[in-house]
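Chemist: Let me give you the structure first, and then I'll get to my questions.
Any read-out appearing in this document is the output of simple, stated calculations on the displayed coordinates, not a laboratory observation. Keep in mind that this is a model prediction, so the values were computed, not measured. Here the Cβ positions follow ideal geometry from the backbone for every residue, glycine too, while neighbour counts run over all protein chains shown.
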Amino acid sequence: MRKVAVQTTLNGEPVEFLCEPRQSLLEVLRDVLNLTGTKEGCLTGDCGACSVLFDGRVVCSCLVLGVEAQGAQIQTVEGLAHGNELSVLQRKFLEHAALQCGICTPGFLIAAKALLDHNLNPSESEVRYALAGNLCRCTGYDKIVRAVMDAAKEMREREAYG
Amino acid sequence: MHEFTYVAPSSVEEIVQFLAQHREKARPFCGGTDILVQMRSGVRRPSYLLDVKTAPETRLFEFDPAKGLRIGAAVPCADVSADPAVRRYYPGLAEAANLIGSVQIRNRASLGGNLANASPAADTVPALIALGAKAVLRSVQGQREVPVEGFVTAPGRTILNADEVITEFVIPPPQRGGADAYLRFVPRNEMDIAVAGVGVFVKMEGQRCVEARIVLGAVGPTQIVASEAMAYLRGRTLNEGVVSHAAELAAQAASPIDDVRGTREFRRHLVAVLTRRSLLAAAKRAQANQS
Ligand SMILES: Cc1cc2nc3c(=O)[nH]c(=O)nc-3n(C[C@H](O)[C@H](O)[C@H](O)COP(=O)(O)OP(=O)(O)OC[C@H]3O[C@@H](n4cnc5c(N)ncnc54)[C@H](O)[C@@H]3O)c2cc1C
Ligand code: FES
Ligand code: FES
């Protein structure tokens, strides 16, 4: 099948790639662009391991076609840290031991970022609903929820005191 | 996935021209939350995927208190449930749209896809039927407006012709003393498929119900309009006893199956419980809308 040229913005940088229409955005990220931070779990939209931000909204990249990225803004877990400095969310995941095997972590980070981008003061219940599309077989979720709540707290304080 | 061609049309006109030429070989595509899963498992093998959301007409979102609500077929459920006018005037539709999948899924899943996929458990369909919504269909022959009630004819089957696309939904204006509600039962709060769902609309004059619509999901091959329960409620004062009797009538209208998600008896019981609760919720809202 003929490949299609797609121009997109990936983690803030303009990127052009070639893909087949049948390739998911997840496949493109991992196999064409070699960004393997985004994980593959179920390929049916159930686990959230493949979560990315598409025009600022969290989606399952396994249920998006690579060709749909034309003209879009895509953000993946690789775009979270600034150089060698981890983002607040990433640091809090480490501090709270919110991961064990780690395969779910990029998806949780992206889903949590999508929440905090719009709501820096979420209740625990709001955090749990926002992360309901992400499955974790190791942590039991509690530490993840606490890490996100704590990240929100630090980000609020940072906003308040500059 | 099999090989196919992806098409990003810039107007509905382009979509219908393409459908007229390629018919069954082409398939509309929106959020992909149903069709990409089906294509990956080999259930569907279209030669062309036509991305309906790239045509701006399908993204329309307009509310006018006198004319009602128009929602483009491609508007994602996340936008439907977050919209202030939908939350204020059609809270049952907001509830249904907010129940679909996870945030990730709701950011992609469209109302058009939820209807056209024709699952008996589709959450927004009972809510749309309860509101008396119509779907606007376009083909090269022109446009027709059809009620959402009756659109689905069997699981996975609809009245949509191979050359037609859903462009938008038209929902009647809010009525004084009228309100809707949608409730479903799932074992898990988020990310689950309805074992039973009930969408209702009621119009109240004081304590008296002057009109009621009750639509059942996931308890039959298609959505079921509980006409006997609706007729029974008309003109009656909505007290506990009346609401419970209507709920029993609705449960009798259900024709559920036994499956891993629940037995027939359990589903019937759920219909009664959900009907009672959603009627009470809608009646309370309707009374608040009387002034
Ligand atoms: C993890 C997960 C959880 C889910 N949970 C729920 C749930 O709780 N409740 C629920 O109801 N559904 C649920 N779904 C199913 C799905 O998300 C919905 O049915 C959704 O609304 C489909 O919309 P879409 O835009 O993604 O459709 P697509 O997958 O793009 O299309 C679905 C079908 O509709 C057709 N179609 C799409 N748009 C049009 C149009 N404008 N005109 C004509 N035909 C069209 C397509 O050809 C296809 O046959 C879930 C799915 C997943 C993956
Ligand atoms: S791999 Fe995409 S949701 Fe599981
Ligand atoms: S840390 Fe292993 S699945 Fe979440």
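Chemist: Let me have the relative contact order for region B:224-291, percent, based on Cα pairs under 8 Å that are six or more residues apart.
Modeler: Relative contact order, region B:224-291: 30 percent.
Chemist: Where a ≥ b ≥ c are the square roots of the eigenvalues of the C-alpha gyration tensor, would you call region B:106-220 rounded, which needs a/c under 1.5, or, failing that, prolate if a/b is larger than b/c, or oblate?
Modeler: oblate
Chemist: Arranged by the count of other C-beta atoms within 10 angstrom, fewest first, what order do B:I224, A:I103 take?
Modeler: Neighbour counts put them in this order, fewest first: A:I103, B:I224.
Chemist: Does the protein assembly as shown come out rounded, prolate or oblate, given a ≥ b ≥ c as the square roots of the eigenvalues of its C-alpha gyration tensor, rounded meaning a/c under 1.5 and, failing that, prolate meaning a/b above b/c?
Modeler: Cα axes put the protein assembly as shown in the oblate bin.
Chemist: Okay, moving on. Under the rule of -39500 (n - 2.57) per DSSP H run of 4 or more residues, summed and divided by the residues of chain B, what mean residue ellipticity at 222 nm is obtained, to the nearest 500 deg cm²/dmol?
Modeler: Taken over chain B, the calculation gives -10000 deg cm²/dmol.
Chemist: Once amide H atoms are placed 1.01 Å from N in the peptide plane, what residues at a sequence separation of 5 or more from B:A133, or on another chain, have their amide H within under 5 Å of its amide H?
Modeler: B:V148
Chemist: When you look at the Cβ of every residue in A:65-72, what mean number of other chain Cβ atoms sits within 10 Å?
Modeler: 3
Chemist: Would you please name the trypsin sites (Lys or Arg not before Pro) within region A:1-110 that are DSSP coil residues with at most 12 other C-beta atoms within 10 Å of their C-beta?
Modeler: A:R2
Chemist: Could you tell me the distance between the Cα centroids of region B:178-230 and region A:99-158, to the nearest Å?
Modeler: 33 Å
Chemist: Would you mind calculating the relative contact order of region A:88-161 from Cα pairs under 8 angstrom and at least 6 residues apart, reporting the percent as a whole number?
Modeler: Relative contact order of region A:88-161: 48 percent.
Chemist: Name the residue from A:V67, A:L43, A:A81 whose Cα lies farthest towards the positive end of the charge dipole of chain A, charges +1 on Cβ of Lys and Arg and -1 on Cβ of Asp and Glu.
Modeler: Of A:V67, A:L43, A:A81, it is A:L43.
Chemist: Note down the relative contact order for chain A as a percent, whole number, built from C-alpha pairs under 8 angstrom at least six residues apart.
Modeler: Relative contact order of chain A: 22 percent.
Chemist: Out of B:S81, B:I15, B:T54, whose Cα points farthest toward the positive end of the dipole of region B:1-109 (charges: +1 Lys, Arg; -1 Asp, Glu; placed on Cβ)?
Modeler: Looking along the dipole axis, the top candidate is B:S81.
Chemist: Go ahead and run the numbers for FRET between A:R156 and A:N84, Cβ-Cβ distance against an R0 of 30 Å, rounding to 0.05.
Modeler: E between A:R156 and A:N84, to the nearest 0.05, is 0.75.
Chemist: If amide H atoms are built 1.01 Å from N in the plane of the peptide, which residues on other chains or at least 5 residues away come under 5 Å of the amide H of A:V52?
Modeler: Answer set, sorted by chain and number: A:V59, A:S61.
Chemist: Past 30 Å, Cα to Cα, is the threshold; run B:K67/B:K284; B:K25/B:K134; A:K3/B:K134 against it and keep the listed order.
Modeler: In this structure, A:K3/B:K134 exceed 30 Å between Cα atoms.
Chemist: A follow-up question, please. Mind running the shape call on region A:1-91? Use the C-alpha gyration tensor, a ≥ b ≥ c as the square roots of the eigenvalues: rounded below 1.5 for a/c, prolate if a/b tops b/c, oblate otherwise.
Modeler: Oblate shape, in that a/c is at least 1.5 and b/c is the bigger or equal ratio.
Chemist: What does the structure give for A:54-61 when I average, per residue, the other chain Cβ atoms found within 10 Å of the residue Cβ?
Modeler: Other-chain Cβ atoms within 10 Å of each residue's Cβ, averaged: 5.
Chemist: About the Cα centre, and with charges only on the beta carbon of Lys, Arg (+1) and Asp, Glu (-1), how big is the dipole of region A:1-160? Nearest 20 debye, please.
Modeler: In total the dipole reaches around 240 debye.
Chemist: Shifting gears a bit: Using +1 at the Cβ of each Lys and Arg and -1 at the Cβ of each Asp and Glu in region B:178-288, identify which of B:A246, B:V271, B:A283 lies farthest towards the dipole's positive end.
Modeler: Projecting each Cα onto the dipole axis, the largest value belongs to B:A283.
Chemist: Placing +1 at every Lys and Arg Cβ and -1 at every Asp and Glu Cβ, with all other atoms neutral, what dipole size does the protein assembly as shown have around its Cα centre, in debye to the nearest 20?
Modeler: Dipole about the Cα centre, nearest 20: 980 debye.
Chemist: So if I place +1 on the C-beta of Lys and Arg and -1 on the C-beta of Asp and Glu, and nothing else carries charge, what would the dipole magnitude of chain B be about its Cα centre? I want it in debye, nearest 20.
Modeler: Value, rounded to 20: 440 debye.
Chemist: Now, a different point. Only Cα pairs within less than 10 Å get springs; with that Gaussian network setup on chain B, which residue of B:C30, B:C77, B:C209 has the largest fluctuation?
Modeler: B:C209
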